[in-house]
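S.K.: If you scroll down you'll find the structure; I have some questions about it.
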Amino acid sequence: DDNNVTLRMSTPASETDQRSVSLAEVFAPAVAEFATYEPHYNASLIAQGSELESIASGDLEMSITSAQELAQFFPEFSIFATGYVHQDAAHQVAVFNDALMDGFKAKAEAELDVKLLSVMYLGRRHVNLRQTKDELTVTNPADLAGVNLRMPGTDAWQFLGKALGANPTPMSFTEVYTALQTGSVDGQDNPLPTVVDAKFYEVTKQIALTSHLVDLNYIAMSKSTWDGLTGEQQATLQSAADAAAESGRVAQLEKEANLVSFLKEQGLSVYEPDLAAFREHVQAQYVGTEFAASWPAGVLDKINALGN
Amino acid sequence: MTFEFMLCLGTIIVLAGIGAPIAYVILIAALLYLLAAGQGIGIAGKVLMDGLYQSFILLAVPLFIVAANIMNAGTISDRLLSFCVALVGRFRGGLGHVNVVASLIFSGMSGSAVADAAGIGKIIIEMMTKSGQYTRGYAAAITAASATIGPIIPPSIPMVLYALVSNTSIGYLFLGGILPGLFMGAVLMAVNLWMSKRRGFALEEPVPLIELPRRTLNAFPALLMPAILLYGIYGGVTTPTEAAAVAAFYALMLAALFYRALSMKAMYQILVESARSSAAIGLVIGGALILNYIVASENIPSLLAEHLVGLDIDPLMFLLGVNVLLLLLGCILDATTIILVIIPLFIPTCRELGIDMVHFGVVAIVNCMIGLITPPYGILLFVITAVTRIPLSEIIREVWPFLGVLVLALLCMVLWPGLVLALPRLFGYAG
Amino acid sequence: MSRLPKLFTGFTHAVAASLVGLMFLTFILQIVIRYSAQLPWLAEMFPFMEPSRYGWTLEFCLFLWVWLVFWGNAFVVRQQDHVTFDILYNSVRPKVRRGFFVIFSLVIAVGLLASLEPTWSKFYVLRLKKTATLSSLFGDWVRMRDVYLVYALFLIVVPLRFAWLAYHAIRYGVDDPTNDAMDSSLK
Ligand code: NA
Ligand code: NA
């Protein structure tokens, strides 16, 4: 009917990715009465990283965005892309729903016309290396000296790589498998589900469970489209997004838990380094940086207070 | 199919038909499409810029073009040519075979067929036309055809992309591509031999064997190039994309220091010439990106998917049907779009019908690579035209026999999965 | 050619050549830095070789690539360098060929020019968007709209060129494709 809106969603994730699945299976049916959910996977509609401005210019209604992408517009979002800030999946939800997020959300709505609906859990990022544990055992940051670690090609990611003690090197994701196979990089960092989906376990020997970043995505939506809905529809859509995020979170946590044994079966050493040493070292690196300077005063303390 | 989509295709046919540059034709057609569909026409430029600003693997294209231009200006190609003529000039279709073999060797070099064609393609086409045996259309056609082998033999970006959407092992996919790649090389050499006999391409004056050591020595540093590049990639010094820069660097060192055949002024001309070809190619690739956006925007994939749900047919018929469809789509879409957007639609049905995913992947990628040379819309044909300025019509006229045997080779791979799966199974693949 | 256009052509070509040359050098730098990172003492001895200073190389190459494509098409690529389907075009009478040429040149000129304003307004939001890594090279002022600026330039220059070509074709006719310099690169 006339009131039906089309929600075009573009994401670089594949159709079988947990985020795609939960939106298609939980979100889409819940809003079906007034909205047609039209997903475009593998960045087939909008190039990766250009979704936010496409929403801003009215050419897209939804996307799954990251704190890093938002930080390109609003530097203060870098706090959510900083090592050892989020502690776990529950902490992410608490932070997202806390009043401390209001300023962040308002800014994205005012300047980009982007409404952040809900937070999705991507998993803990770990260091995944070619070397066997015998060749290189990672206990503390000093052990990563001289290790060429592929990190995504933005300043924030590269900084995190350096803060871990490694030599961060940028490289496009599609080249990482071959680079690991041939040794043009020593390692990469991603959550375990990505290590499995991208087959990195075929060409690496160990995973040091550094948990250096509890990675997240936001379900983002056009504020104008949102404003065009009735109050009732808004409430339905909001709870649909929350339900999708929750179902994805449960599935992702379960997947992560199961993958350790799978990866061990594949012959990888999977072990935990001295996390306190890593946390202390990484957090110390951020003190006095331009990243830290962009964070609103007191927010870091509020985030920490919401954790354990 | 919507009215605006028909309008877009119609505009392309008419404008391209009257001889307008293809890249601009697509841009104009996209503007009309967006206007008719009620979307802002500014999207075209945004899509184009976003896409090009992400095309990491295509960075190899300008670098390979620089390498090829340096090799030509720095007498490196001449030395390679005279070595090859001494070696194979006495045989029918000698340089054509060299062309195919060079593609097989260099197929390990880049993950992308476009980069391969722009790089060694340019060098070897010049060698073939300089030798005077072959028409330039024939040289370009066999080069385009053999460049399709590049992404079949590892490393291969298309296979990495397929693995990501299909949840298949990249290692086994890489292994699965080796025999089909060699097989494609073999059928192309067979056609080359047959065509050379039939068309009576002249034989070179046989070079006395006693000449061979001298010519080998003369070409030796140039012959080292593939070895250095392959070591660079497999030794972990460079990524496949970076290897293009190494090729250019090595050629520059050889030409400037070893052969002393390159002046500063010549180097400047090489850079301008490389800029010219790269820009022309970049715009054509940009056109492909816009077409991809339009296809996604039409939501054609999900319309296709609806027809595939619950399909109950013989697996072989399904595979053949998919291949015919992919070949047809290859006439208008580029390989990346097909792999990322169209192929995932078939994967659930494949699983249901018990089709092996490595087999399906290799077959589908071979199919997509053949699509790169199917007229009228074949990106490899465009790239070779842009680099060598050999008219498209001359290449298209000569490409049909090569296209024909590649399709036959594809049919063999569909009918005998063992051709793909033998090597992976040897290394422990359970499928 | 008179002096001013010659100087201008020299300048635009020099820019294009520099873009290609810089891209080549940046790639080499990237390889050298990654390789030298395996020898940590190097960075200690020469602080400028510290690998983390070179996170910008990849994006800088992409920047050079898009500028190369659009600067190149605006100023360096000649009419005969473009990929065209020339079967029909080459087989018709010169008068018809001239008609074809004038029609498509004007369509391209009008179409591209018409898209200038809508395109620029799509880029408007990019004035806020930082590049991923180029700030460490160019300084903190650089935004994605600055990177995309070259496309707007392209949308102005290319229509002017096609309009000029159309005028020229109306006035003097078009070249006979059978004797043009198609194989200038196959010397
Ligand atoms: Na390859
Ligand atoms: Na094609």
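The values are calculated or read from the model by the stated rules, or taken from the named source; none is laboratory data. As the structure is a computational prediction, the values presented were derived from the model and not from experiment. All Cβ positions, glycine included, derive from the backbone under ideal geometry; neighbour counts span all protein chains shown. Side chains are part of the model used for accessible areas, which takes the heavy atoms of the whole protein and leaves out ligands, DNA and RNA. Shrake-Rupley method; radii C 1.70, N 1.55, O 1.52, S 1.80 Å.
S.K.: How big is the dipole moment of the protein assembly as shown about its Cα centre under a simple scheme where the beta carbon of each Lys and Arg is +1, that of each Asp and Glu is -1, and everything else is neutral? Debye, nearest 20, please.
M.R.: For the protein assembly as shown, the charge dipole is close to 3960 debye.
S.K.: Once a ≥ b ≥ c are taken as the square roots of the eigenvalues of the Cα gyration tensor of the stretch C:1-130, is the result rounded (a/c under 1.5), prolate (a/b larger than b/c) or oblate (a/b not larger than b/c)? Can you show the working numbers first?
M.R.: Details: a/c = 2.80, a/b = 2.19, b/c = 1.28.
It is prolate, given that a/c is not under 1.5 and a/b is the larger ratio.
S.K.: Also, quick follow-up: Could you sort the peptides A:248-254, B:424-430 by per-residue average Cβ neighbour count (10 Å cutoff), highest mean leading?
M.R.: With the highest mean Cβ count within 10 Å placed first, the list reads A:248-254, B:424-430.
S.K.: Another question, then. Which of B:9, B:98, B:76 sits closest to the plus end of the dipole of chain B, meaning its Cα is farthest towards the positive end, when Lys and Arg get +1 and Asp and Glu get -1 on the C-beta?
M.R.: B:76
S.K.: Follow-up. Just going by the charge dipole of the protein assembly as shown, with Lys and Arg at +1 and Asp and Glu at -1 on Cβ, which of C:174, A:214, A:259 is farthest out on the positive end?
M.R.: The listed residue farthest towards the positive side: C:174.
S.K.: Continuing with the same structure: Could you size up the charge dipole of chain A around its Cα centre, putting +1 on the beta carbon of Lys and Arg and -1 on that of Asp and Glu, and report it in debye to the nearest 20?
M.R.: Once rounded to the nearest 20, the dipole reads 880 debye.
S.K.: Now, a different point. Label-point separation (nm) for residue C:96 and residue A:254, each offset 7 Å from Cα along Cα-to-Cβ?
M.R.: Those two pseudo-labels are separated by 6.8 nm.
S.K.: Modelled label-to-label distance, residue B:91 and residue B:212, 7 Å Cα→beta-carbon offset: nm?
M.R.: Computed distance between label sites residue B:91 and residue B:212 equals 1.2 nm.
S.K.: Could you work out the mean count of beta carbons from other protein chains within 10 Å of each residue's beta carbon in B:157-169?
M.R.: 4
S.K.: Follow-up. Report the net charge of residues surrounding residue A:220, where surrounding means a beta-carbon distance below 11 angstrom and charges are Lys +1, Arg +1, Asp -1, Glu -1.
M.R.: -2
S.K.: Pop the C-beta distance of residue A:287 and residue B:408 into the FRET formula with R0 = 60 Å and round what comes out to the nearest 0.05. Kindly include the intermediate steps, with their values, before the conclusion.
M.R.: Working: r = 66 Å, r/R0 = 1.10.
Efficiency for this residue pair is about 0.35.
S.K.: Set the Förster radius R0 to 30 Å, insert the Cβ-Cβ distance between residue A:109 and residue A:24 as r into 1/(1 + (r/R0)^6), and round the FRET efficiency to 0.05. It would help to have the intermediate numbers written out before the result.
M.R.: On the way: r = 26 Å, r/R0 = 0.85.
E(calc), rounded to 0.05, equals 0.70.
S.K.: Of the heavy-atom accessible surface of the protein assembly as shown (probe 1.4 angstrom), what whole percent is carbon and sulfur?
M.R.: The C+S portion of the solvent-accessible surface of the protein assembly as shown is 63 percent.
S.K.: So, one more: Show me the ranking of peptides B:286-292, B:377-383 by mean Cβ neighbours inside 10 Å, starting with the highest.
M.R.: B:377-383, B:286-292
S.K.: If each residue of separation counts as 0.36 nm, what is the full-extension length gain between residue C:35 and residue C:127 once their alpha-carbon separation is subtracted?
M.R.: Result for the pair: 29.5 nm of gain on full extension.
S.K.: Which pairs in the list A:223/C:129; A:162/A:199; B:265/C:129; B:197/C:95 are over 30 Å apart, alpha-carbon to alpha-carbon?
M.R.: B:265/C:129; B:197/C:95, as the Cα separations exceed 30 Å there.
S.K.: Ok, one more. Counting only other chains, and only Cβ atoms inside 10 Å, what mean value do you get across the residues of A:113-126?
M.R.: 0
S.K.: Something else now. Which residues of the stretch B:264-281 bury at least 30 Å² of accessible area once all protein chains are present, versus their chain alone (1.4 Å probe)?
M.R.: B:268, B:271, B:272, B:275, B:276, B:279, B:280
S.K.: For chain B, find the longest principal axis of its Cα atoms and tell me its angle to the long axis of helix B:170-199, 0 to 90°, nearest 10.
M.R.: Around 60 degrees separate the two axes.
S.K.: Dipole of the stretch B:287-431, Cα-centred, from +1 at each Lys and Arg C-beta and -1 at each Asp and Glu C-beta, to the nearest 20 debye?
M.R.: 360
S.K.: Further question on the same structure: Measure nothing fancy, just the Cα-based angle from helix A:173-182's long axis to the longest principal axis of chain A, in degrees from 0 to 90, nearest 10.
M.R.: It is inclined by approximately 20 degrees.
S.K.: Pull out the extension gain between residue C:15 and residue C:88, defined as 0.36 nm times the separation in residues minus the alpha carbon to alpha carbon distance; nm, one decimal.
M.R.: Here the answer is 22.7 nm.
S.K.: Using a 10 Å cut-off around each Cβ of peptide A:155-165, what is the average number of partner chain Cβ atoms that fall inside?
M.R.: Mean inter-chain Cβ contacts per residue within 10 Å come to 3.
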